[in-house]
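Everything on this sheet refers to the single structure shown next.
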Amino acid sequence: MKFGVVVFPGSNCDTDCWNALHGPAGEEAVFLWHKDASVPSDVECVVLPGGFSYGDYLRVGAIARFSPLLRAVVEFANQGRPVIGICNGFQVLCEAHLLPGVLMRNRSLKFICKDVWLKVARHAPPFTDFAADVLKIPIAHGEGNYFIDPDGLKRLRDNDQIVFRYCDARGRVTPEANPNGSVDSITGIVNEAGNVLGMMPHPERCAEEALGNCDGLMILRSIAESGLVRSASFRS
């Protein structure tokens, strides 16, 4: 499967994403520049990486939403093709209205960088088509506090759009396991069609043994394997 990793001014996890995809995941990956007008026709999944796009001026992700490539990414997503936004990428997806809700300052008003546990609330392709219920994945953000109004939260629940919740090592979703105050302990959601994922934790930072943890590789491989299934169905 071929991934396109978007590079904004201020992105700092783009190379990490490329390395995780090209290395342990064993997939093809290319960089996509924010001023490009289109997504190459052979790219099958777009990745919006973490960092500080455009310096996070105005608010996180607000300027990236107006980049030429993001307009093409919106069209790409609206065609039902997979898009994953990680950390700042999640913030950009919310600003672009591909995902509902907003990311606000952490409850502590401090930057948080540590490993957290995630409860997989939705097992489904393309992002979480695996059996594991609890993942250990690092976070690194100052504005990861996910908020959505009560009606929006009800829609997320009714449509099975919540993918990950903060939990403890045993998979229990508790207030103590929530590092930033996110509503309902949410740290990852998909759109109603299920092809756009935003998540605050960084799967690319735990995708090989050298990093001490491979849980993130499950997500990357799930995307790649779902792409193989789609390609086979198109050929038949």
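Pairs of alpha-carbon atoms within less than 8 angstrom and 6+ residues apart define the contacts here; what relative contact order does the chain have, in percent? Write out the running numbers ahead of the final one.
Values: 543 pairs, mean separation 47.5, N = 236.
Over the chain, the number comes to 20 percent.
Classify the stretch 18-93 from the C-alpha gyration tensor, please: rounded if a/c falls under 1.5, else prolate or oblate depending on whether a/b exceeds b/c. Working shown, then result.
Values: a/c = 1.91, a/b = 1.31, b/c = 1.46.
Note, shape of the stretch 18-93 comes out oblate.
Starting from the Cα gyration tensor of the stretch 109-236, take the square roots of the eigenvalues, sort them a ≥ b ≥ c, and report rounded, prolate or oblate (rounded when a/c is under 1.5, otherwise prolate if a/b is larger than b/c, else oblate).
Details: a/c = 2.06, a/b = 1.26, b/c = 1.64.
Judged from the Cα gyration tensor, the stretch 109-236 comes out oblate (a/c at least 1.5, b/c at or above a/b).
Using a basic spin-label model with each label point 7 Å from the Cα along Cα→Cβ, how many nm lie between Lys110 and Val134?
A separation of 2.5 nm, rounded to one decimal place.
Please identify the trypsin sites (Lys or Arg not before Pro) of the stretch 56-100 that satisfy two criteria: DSSP loop assignment and at most 14 other Cβ atoms within 10 Å. Which are they?
Numbers: sites: Arg59, Arg65, Arg71; in loops: Arg59.
Those that pass, being in a loop and sparsely packed, are Arg59.
What span do the alpha-carbon atoms of the chain cover on each of the three principal axes, reported in whole Å from largest to smallest?
If we take the Cα atoms of the chain, the spans are 46, 40, 38 Å.
Go through Ile84, Ile148, Gly212 and say which Cα lies farthest out towards the positive end of the charge dipole of the chain; charges sit on Cβ, +1 for Lys and Arg, -1 for Asp and Glu.
It is Ile148.
For the stretch 92-236, what is the percent of antiparallel DSSP beta bridges, rounded to the nearest 5? Each step should come with its number before you reach the end.
Working: 22 of 22 bridges.
Here the antiparallel bridges make up roughly 100 percent for the stretch 92-236.
Readers should treat all values here as calculations from the given coordinates under stated rules, not as data from a laboratory. Nothing here was measured: the structure is a model prediction, and the numbers come from that model. Glycine also receives a Cβ, built like all others from the backbone with ideal geometry; neighbour counts cover every protein chain displayed.
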